[in-house]
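The values are calculated or read from the model by the stated rules, or taken from the named source; none is laboratory data. If you're wondering where the values come from, they're calculated on a predicted model, not measured in any experiment. Please note: Cβ atoms are built from the backbone with ideal geometry, for glycine as well, and neighbour counts cover all protein chains shown.
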Amino acid sequence: MGRICPVCGSGKRDTWWRTDFLVPEGWTQPPYLDWCLCECGMIYGDHPNITQADYDTYYIERYGYGVGDEESHKRLQDRAELITTMCDHEDVIVDYGGGDGYIEDILRRRGFRHVHTVNCDGDMPDKADIIIAEHVLEHVYDMKATMKALTRLRAGGYLIVDVPDAEEIAVCESPAMPMLDYHQKHINHFTQADMLSLMHRNGFKIVRTDNYLERNLTCRFYVFQSRVAEPYALSRKFVQKNMAAKVEGLRALGNEPVIVWGLGDIAMHCLSQHMPNVMYFVDNDPAYEGAVVADIPVLDSVEDDYPIVIIAQSQKKKLIENIRSIGVKNRIIEI
């Protein structure tokens, strides 16, 4: 089947074209790459006989000579400066795939004591506060293993990522970039949508992103934050807690006769859980004209001096202002 998609993990793909290369004897690089388009839209390179171990060997033995140019050093200095504004000197910082430890040297000179440069096959510290991956993910064959390492953050920790921007590169027709970015080393081509999908699947939310040029290559910078909990779980907890409190407010009314003003979704939910001693409802929405809810009529005005119960959220203040503006003086109970 070959390599699975580094973003979504699917094996369903179309092979669009093949790029052949000459490879020096003894080097662990493939003689060609097939450029595959996943059903999710991600473009990545593959070869049937290559592994992550082969790439690791190549990067350890052959890669990195002469790439420490002024532009990349400026970027790394900027990232180190950003990190100093995001954490304190006792935080654990990891430069994943950081090679010669350039960022670590800068941060240690700034007084940060727990800084680690970790190769892609190295051991990661647990519960790091910040992990930085500078132009690493475009090189990775086994993305699942890499994301397992990058998720070793404390809850709320930050991941800083830089990669070439495939979306911008794809529209470049400059003779200076005849192969765009489809060479032996960059085997993952992330658009912004691809990167956001990858990070969302691995429990991160986007904090910041921007693009820039480096060595005439359009790149993109991201800051992600590890989610404390999945949005669904957080939403459920928040909603259930708050709605339960409103229902308890209705129960506390006992058997006191009341008028309920406003039949929005919050009121309808709470009343489905507990119906107090409601004499009638009031709602000016024409849709409720002549309506009956739970055998109780809906009117468009107040006819008695019973207390008015308002079960609302964002519209609560507006409802109260409307009630007072038309001269209704009944006591108002906010739920």
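Side notes on the structure shown:
- For region 92-103, residues that are surrounded by fewer than 19 Cβ atoms within 10 Å (Cβ to Cβ) and either at pLDDT 95 or above or of a type in the set (D, E, K, R) (or both) total 1.
- Out of Leu213, Leu217, sole residue that is without any contact (Cβ under 8 Å) to a residue 24 or more places away in the chain, under 30 Å from Ala166 (Cα atoms) and touching a strand residue (DSSP E or B) at 6+ places or on another chain (Cβ under 8 Å): Leu213
- Checked against (1) of a type outside the set (A, V, I, L, M); (2) at pLDDT 95 or above; (3) over 15 Å from the mean Cα position of the chain (by Cα), Ser174 passes all but a single condition, namely (2).
- Residue match in region 190-209 (condition: closer than 23 Å to Ser10 by Cα, over 14 Å from the mean Cα position of the chain (by Cα) and not hydrophobic (A, V, I, L, M, F, W, C)): yes
- Evaluated against (1) in contact with a helix residue (DSSP H, G or I) (Cβ under 6 Å, 6 or more places away or on another chain); (2) without any contact (Cβ under 8 Å) to a residue 60 or more places away in the chain, Ile335 falls short on exactly one condition, (2).
- Test for Ala287: is it free of Cβ contacts under 8 Å to residues at least 24 places away in the same chain, farther than 30 Å from Arg79 by Cβ and aliphatic (A, V, I, L, M): yes
- First in region 100-112 and free of Cβ contacts under 8 Å to residues at least 12 places away in the same chain and of a type in the set (Lys, Arg), second anywhere and outside any helix (DSSP H, G or I) and surrounded by 13 or more Cβ atoms within 10 Å (Cβ to Cβ), Cβ under 6 Å, 6 or more apart: Arg108/Val115
- Candidates Trp27, Trp35, Trp17: the one that is of a type outside the set (A, V, I, L, M), part of a loop (DSSP other than H, G, I, E, B) and in the same structural domain as Gln192 (by TED's automatic domain parsing) is Trp27.
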